[in-house]
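A quick write-up on the structure given underneath.
The values are calculated or read from the model by the stated rules, or taken from the named source; none is laboratory data. This structure is a prediction, so every number in the text was calculated from the model and none was measured. Virtual Cβ from ideal backbone geometry, glycine too; neighbours counted across all protein chains shown.
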Amino acid sequence: METLFIGKNLLFLTEVESTNTYAMGMLRNVNVMEGTVVYTDHQSRGKGQRGASWSSAVASNITASVILRPAFLESGESFFLSKISALALYDVLTDVLNSSQYDIKIKWPNDMLVDSRKIAGILIENTYNQQQIQYSVMGIGLNVNQADFGPLSGIATSLKLLTGQQHDRKEVLEKLCRYLEKWYLLLKSGNSAQIREAYLGKLKGINTVMTFQTPGNETFRAKMVDVNREGKLCLEMPDSTIRRFDIKELRFAQ
C-alpha cells in the first residue's frame, strides 16, 4: 500500500454484520491506529443513509470502513469528511473509467453516480469529545464486479457493467486509500476552500433548477446554489429566497 497511513493496517473479515459497526466496536475496546481499514467480502447487515440497508453481492464489491481521528475538526465541520470521501471516490472512478466517456457526478450529500446510476455510497459515523471530533468511521460501498442488481438494475451500476471487464478489488481499494489520504491531508492542512470548490464543481445539479420531494411527498422545483458548512443543501426558491435543507428533510424526485 503506497500510502503514509490510510490502509497501512488492513483488517479483512470474511463476513461481518457491518464494517462500520465492527470498526466502532474496535474503537471502544482497543487503541486503533489512524488509517486502519476494515473490509469484508460480505456484510450481513450493511448500513446506508437515512437508516436504509446497503446490499452488496458476496465477494464482488468493496465494502470497507476507514478509521480516522480528525481532532482538528470541530463538530460543525464534520461535513468536510463527507466531501473528501466523495472526492476520493470521484478520483477512483475517473482513474478507472475514461471520464470523457462517462458522466461521473457526486449526488448530494455523498452518493456517487455514473451516467445517473448509483455506483457508490458513503456512511460516516462520528464520535465527539466536547466540540471536537474524537474519531470518525467512514463506511464506503463501491460496486466493482457485481453484474446483477435485481430490482435495482435501473438505478445501480458497477465498474464491471460499465467496462465489461472484471476488476481487481484490491487494486481499486488501494486507489481509494491513496486518494482518500490525499484529500484528508489537504483538509488537515487547512485547504477547506479548495475542497469546497472541488466538491461543488462535481455536484450533480449545481446551479440548475431541479425537482425535489419532501418526506410528506410534496414536490417543488428550486435551483441548487450551494451546500453550506453543515452539509445542508441551499436552494433558491421561485420567490428568490434561499432555503436550507438537511438530508432528512429532502430528497430528489425521480
**OP:** Filter segment 179-218 down to the residues that are of a type in the set (Val, Ile, Thr) and modelled with pLDDT of 95 or more, then identify the one that is nearest to Ile133 (Cα to Cα).
**Re:** Ile195
**OP:** Search segment 18-31 for residues being crowded, with 16+ Cβ neighbours inside 10 Å and without any contact (Cβ under 8 Å) to a residue 60 or more places away in the chain, and hand back the single one that is nearest to Tyr135 (Cα to Cα).
**Re:** Met26
Original post:
Would you pick out the residues in segment 55-76 that are surrounded by 18 or more Cβ atoms within 10 Å (Cβ to Cβ) and either assigned to a loop (DSSP other than H, G, I, E, B) or among the acidic types (Asp, Glu) (or both)?
Top reply: Ser56, Ser60, Asn61, Pro70, Leu73
Subject >> Options Val137, Val144; residue that is outside any strand (DSSP E or B) and surrounded by 18 or more Cβ atoms within 10 Å (Cβ to Cβ) >> reply: Val144
Original post:
If you check every pair at least six apart or on different chains, which have Cβ atoms under 7 Å apart with a residue in segment 151-170 that is over 15 Å from Asn98 (Cα atoms) first and a residue that is of a type in the set (Lys, Arg) and not in a loop (DSSP other than H, G, I, E, B) second?
Top reply: Ile155/Arg117; Ile155/Lys118; Ala156/Arg117; Ala156/Lys118; Thr157/Arg117; Gln166/Lys160
Subject >> Candidate set: segment 171-204, residues that are free of Cβ contacts under 8 Å to residues at least 40 places away in the same chain and part of a loop (DSSP other than H, G, I, E, B); chosen: the one surrounded by the most Cβ atoms within 10 Å (Cβ to Cβ) >> reply: Asn191
**OP:** Mind listing just one residue for me: the one in segment 104-131 that is assigned to a strand (DSSP E or B) and touching an Asp or Glu at 6+ places or on another chain (Cβ under 6 Å) and, of those, farthest from Gly76 (Cα to Cα)?
**Re:** Lys118
**OP:** Of all residues in segment 110-134, count the ones that are free of Cβ contacts under 8 Å to residues at least 24 places away in the same chain and surrounded by 16 or more Cβ atoms within 10 Å (Cβ to Cβ).
**Re:** 0
**OP:** Tell me, please, whether a residue that is in contact with a helix residue (DSSP H, G or I) (Cβ under 7 Å, 6 or more places away or on another chain), more than 14 Å from Ile62 (Cβ to Cβ) and aliphatic (A, V, I, L, M) can be found in segment 152-171.
**Re:** no
Original post:
Across segment 206-254, what is the number of residues that are surrounded by 16 or more Cβ atoms within 10 Å (Cβ to Cβ) and assigned to a loop (DSSP other than H, G, I, E, B)?
Top reply: 4
**OP:** Quick one: which residue in Gly231, Gly190 is on the phi > 0 side of the Ramachandran plot and touching a Phe, Trp or Tyr at 6+ places or on another chain (Cβ under 7 Å)?
**Re:** Gly231
Subject >> Ser85 being touching a Leu at 6+ places or on another chain (Cβ under 7 Å), closer than 23 Å to Lys160 by Cα, not in a strand (DSSP E or B) and not hydrophobic (A, V, I, L, M, F, W, C) >> reply: yes
